[in-house]
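The values are calculated or read from the model by the stated rules, or taken from the named source; none is laboratory data. Just so it is clear, the model here is predicted, and its values are computed rather than measured. Quick reminder, even Gly has a Cβ in these numbers, built from the backbone with ideal geometry, and neighbours come from all protein chains shown. What goes into the accessible areas is simple: the full protein's heavy atoms, side chains included, and nothing from ligands, DNA or RNA. Shrake-Rupley method; radii C 1.70, N 1.55, O 1.52, S 1.80 Å.
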Amino acid sequence: MQHLIIGAGPAGVVAAETLRKCDPDCSIAIIGDEPEPPYSRMAIPYYLIDNIEESGTYLRDPRAHFASQNIEVVQQKVDAVDTAGKSVTLADGSSRAYDKLLIATGSNPISPPIPGLDLPQVHSCWTLEDSRNIIRLAQPGSNVVLIGAGFIGCIILEALVKRGVNLAVVEMGNRMVPRMLDDKAGGLLETWCKNEGIDVHTSCSVQSIADAGNGQVEVELSDGGKLSAALVITATGVKANTSLVEGTDIKLDQGILVNRRMQSSNPDVYAAGDVAQGVDFSTGNFEVQAIQPTATDHGRIAALNMAGRDDEHHGTLNMNVLDTVGLISCSFGLWMGVDGGDSTELYNPDEFQYINLQFDGNTLVGASAVGKTQHVGVLRGLIESKIDLANWKDRLMADPTAVMEAYLASTQELGYS
Amino acid sequence: MQKSLNIDPGKCTGCLQCEMACSYEHTGTFNPSRSYIKVFTFHHEGRFAPYTCTQCDEAWCMRACPVDAIGIDASTGAKVVYEDKCVGCKVCTIACPFGTINYSQATGKVVKCDLCGGDPQCAAACPTDAITYVDADWTGYDRMMASAAKSLPSAEANA
Ligand SMILES: Cc1cc2nc3c(=O)[nH]c(=O)nc-3n(C[C@H](O)[C@H](O)[C@H](O)COP(=O)(O)OP(=O)(O)OC[C@H]3O[C@@H](n4cnc5c(N)ncnc54)[C@H](O)[C@@H]3O)c2cc1C
Ligand code: SF4
Ligand code: SF4
């Protein structure tokens, strides 16, 4: 059996390892186009502040790991997929046949339609290559403009502040991380960032970027303001990288459409990670989540099915944790609530503390929190286990911080649920 | 045979000796807020439940880590955090459905129970034997782990 995996990110690597566990004899090759050994984008913020060497971003120890598992890692770009002939063509002109193909090509940053985006001072923050450019231009005391205060924008904010730059953030939405946090939580983040000396512009967009000489650019804002910058970083969202299979028989929507076995509309082709539109635990709908835990889950399920095991995915829970210059926030599942469901919250803006729980009947279906670092994982446990909280729901409505107690009392044999 | 922690919440009096011992073992200070084992209080019932990582088979924390910073201690079976590799991204803290791997603002890394390399100090400190470290193949803690795990749909979906 020949398994071919396109994309050497977390989805591809976990898939390869899972295939090897299932079948010691099959042939497994990962083809990735980035020049570095397989690495994790998630580690980039820590690389930006010299917390780790470049090798600290590697998913596995590249010297021994892949060889010891007999996984071939090929550094090449795949140019085309021939689903009828079951082969792929590489950039060097060679081709490779497959029995089962996994597409784990991740996502690409979206370029907002702004004039001046091609200037050398403008970069996205998606790859190690981008990071090197950012490190070069984000020198202490220089002015940096970050376009987009979404999840990725907020994650690199801290690194930029730690590099000692003067930072301005421009976000079109009315608050920071609008797709992960509600008004109150997003508001706390905004106040926190302003207190940390960051120039935050919400409900504002960048109109244009123009060369201002001396290596500087001028950034024009929709509110009439102008910012001078040595570096502009775009973090305005990502889009599934489906270009390779456009025009083939593989069905696409927001990403590659897959079933609960991560199988595309072509039975020999699977998809996993940011590129795949897989099933969401909370809604049962098929959605692109573009988060790391989903990528590894997808990789595992896809591999089990490629290896011939029949494994249906129950769905991945959308969840995020964010550290914004020291203020930690997280959200899980249907944090915005469901029609007819109850909700409860504790909001203490002076202490930058917030927790919000969303119920559907007696079960927890979503949660978000700011300023809470201990036992946050249990929110996932409560949601994914769909525990009937019974009496504990009333207690949580009165005190939403008692989530750990609610979980223990409802799942353990404590004898007093 | 590998040993595991056996927790009998019925015997716990809430004295917090385990938290003191754990924080001393791992941080050199008696500071329960930095303990990896935590005693939860049930005010209505006047009862207590010590809880920490069950070293679960699924190891959600380990699977979620983007940089391979969590591994298995071969002698104890504990899932341990390699401090030199951990970047502090916290994704493991939302991945563990039991809430037992937590970010430490003091170190900028995550912390979890490591079974103290085979001599858990919480068990040694507990005056009522509510926490013991035993070679039993079916400890109370295993039961806890199983009852928690079976409630999760993703527990079945494993290689
Ligand atoms: C700065 C930053 C911080 C992040 N922080 C978090 C976080 O805290 N939490 C979280 O959950 N997520 C985070 N993410 C998102 C997370 O990194 C992604 O969800 C994850 O990388 C997706 O994994 P993947 O394997 O699907 O894709 P990727 O990691 O993108 O890997 C896909 C690979 O495929 C390669 N490829 C594409 N096309 C081809 C081709 N034609 N031929 C060969 N190779 C190809 C790509 O070059 C790439 O190397 C972060 C991302 C960034 C950029
Ligand atoms: S920290 Fe959580 S996920 Fe990790 S081994 Fe312990 S119980 Fe399992
Ligand atoms: S916080 Fe550390 S151990 Fe946890 S997932 Fe991130 S790097 Fe791994």
For chain A, what does -39500 (n - 2.57) per DSSP helix run (n ≥ 4), summed and divided by total residues, give at 222 nm, in deg cm²/dmol to the nearest 500?
-7000 deg cm²/dmol
How much accessible area per residue does the protein assembly as shown have, in Å², with a 1.4 Å probe?
40 Å²
Over segment A:55-164, the quotient of the Cα radius of gyration and 2.2 N^0.38 Å is 1.45
Considering only DSSP states other than H, G, I, E and B, which trypsin sites (Lys or Arg not before Pro) in segment A:70-158 qualify as loop sites with at most 14 other Cβ atoms within 10 Å?
A:77
Residues meeting the amide H criterion for residue A:74 (H placed from the backbone, H to H distance under 5 Å, 5 or more places apart or on another chain) are A:30, A:31, A:32
Rounded to whole Å, give me the distance from the Cα center of segment A:391-406 to that of segment A:186-227.
41 Å
So if each residue of separation counts as 0.36 nm, and I subtract the Cα-Cα distance between residue A:90 and residue A:344, what length gain in nm does that give?
86.0 nm
Based on DSSP, what percent of beta bridges with both residues in segment A:122-236 are antiparallel, to the nearest 5?
40 percent
Output ³J(HN,Hα) for segment A:291-296: one whole-Hz value per residue in order, computed from phi by the Karplus curve 6.51 cos²θ - 1.76 cosθ + 1.60 with θ = phi - 60°, and x for Gly and Pro.
10, 4, x, 5, 4, 6
Suppose a student asked you for the relative contact order of segment A:8-135, using Cα pairs under 8 Å spaced at least 6 residues apart; what percent would you report?
25 percent
Most fluctuating of A:387, A:256, A:28 in the GNM of chain A (C-alpha, under 10 Å) is A:387
How crowded by other chains is B:97-109, given as the mean number of beta carbons from other chains within 10 Å of each beta carbon?
5
Difference of contour (0.36 nm per residue) and Cα-Cα distance, residue A:336 to residue A:226:
36.1 nm
Only counting protein heavy atoms at a 1.4 Å probe, give the residues of segment B:31-63, ordered by number, whose accessible area falls by 30 Å² or more when the other protein chains are present relative to the chain alone.
B:40, B:42, B:44, B:45, B:47, B:51, B:63
Solvent-free Debye scattering, log10 I(q)/I(0), computed from the Cα coordinates of segment A:326-413 at q = 0.10, 0.20, 0.26 Å⁻¹
-0.21, -0.86, -1.44
Carbon and sulfur %, accessible surface of the protein assembly as shown computed with the full protein complex present, 1.4 Å
46 percent
Using a simple spin-label model with points 7 Å from Cα along the Cα→Cβ vector, what separation in nm is obtained for residue A:1 and residue A:21?
1.5 nm
The computed P(r) of the protein assembly as shown puts the percent of Cα pairs beyond 31 Å at 51 percent
Which loop GluC sites (Glu not before Pro) in segment A:1-108, with loop taken from DSSP, have no more than 16 other Cβ atoms within 10 angstrom of their Cβ?
A:53
Can you tell me the relative contact order of segment A:326-413? Whole percent, Cα pairs under 8 Å, sequence separation 6 or more.
28 percent
What list of whole percents do you get for P(r) of segment A:122-236, with Cα-Cα distances grouped in 10 Å bins up to the one holding the largest distance?
14, 50, 32, 4, 0
Could you work out how far the C-alpha centroid of segment A:105-181 sits from that of segment A:1-48, in angstrom?
27 Å
Taking every residue of A:369-380, the Cβ atoms of other protein chains inside 10 Å of its Cβ average out to 6
Going by Cα centres, segment B:55-118 and segment A:344-359 are how many Å apart?
27 Å
Relative contact order in percent for chain A (Cα pairs under 8 Å, 6+ apart) equals 14 percent
Name the trypsin sites (Lys or Arg not before Pro) in segment A:223-299 that are in a loop by DSSP and that have at most 16 other C-beta atoms within 10 Å, would you?
A:251, A:260
So which lysines pass the test for residue B:3, namely a Cα distance under 17 Å, with those fewer than 8 places away in the same chain ruled out?
B:79
Most fluctuating residue of A:57, A:105, A:283 in a GNM of chain A with Cα springs under 10 Å: which is it?
A:283
Note down the nm distance, to one decimal, between modelled labels 7 Å out along Cα→Cβ at residue B:31 and at residue A:67.
4.4 nm
State which entries of A:372/B:112; A:162/A:194; A:372/B:109 exceed 19 angstrom in Cα-Cα distance in the structure shown.
none
Roughly what would the spin-label model give for residue B:13 and residue A:363, points 7 Å off Cα along C-beta, in nm?
4.2 nm
HN-Hα couplings for segment A:232-249 via Karplus (6.51, -1.76, 1.60; θ = phi - 60°), in whole Hz with x for Gly/Pro, come out as 10, 10, 9, 9, 10, x, 10, 9, 3, 8, 9, 3, 4, 10, 5, x, 9, 7
How big is the B-A contact in terms of buried accessible area, both chains counted, 1.4 Å probe, rounded to the nearest 100 Å²?
4100 Å²
Taking amide hydrogens as modeled 1.01 Å from N in the peptide plane, which residues meet the under 5 Å criterion relative to residue A:80, leaving out close sequence neighbours?
A:89
Taking amide hydrogens as modeled 1.01 Å from N in the peptide plane, which residues meet the under 5 Å criterion relative to residue B:113, leaving out close sequence neighbours?
B:53
Per-residue HN-Hα couplings for segment A:369-382, Karplus 6.51 cos²θ - 1.76 cosθ + 1.60 at θ = phi - 60°, whole Hz, x for Gly and Pro?
8, 10, x, 10, 10, 9, 6, 5, x, 5, 5, 4, x, 5
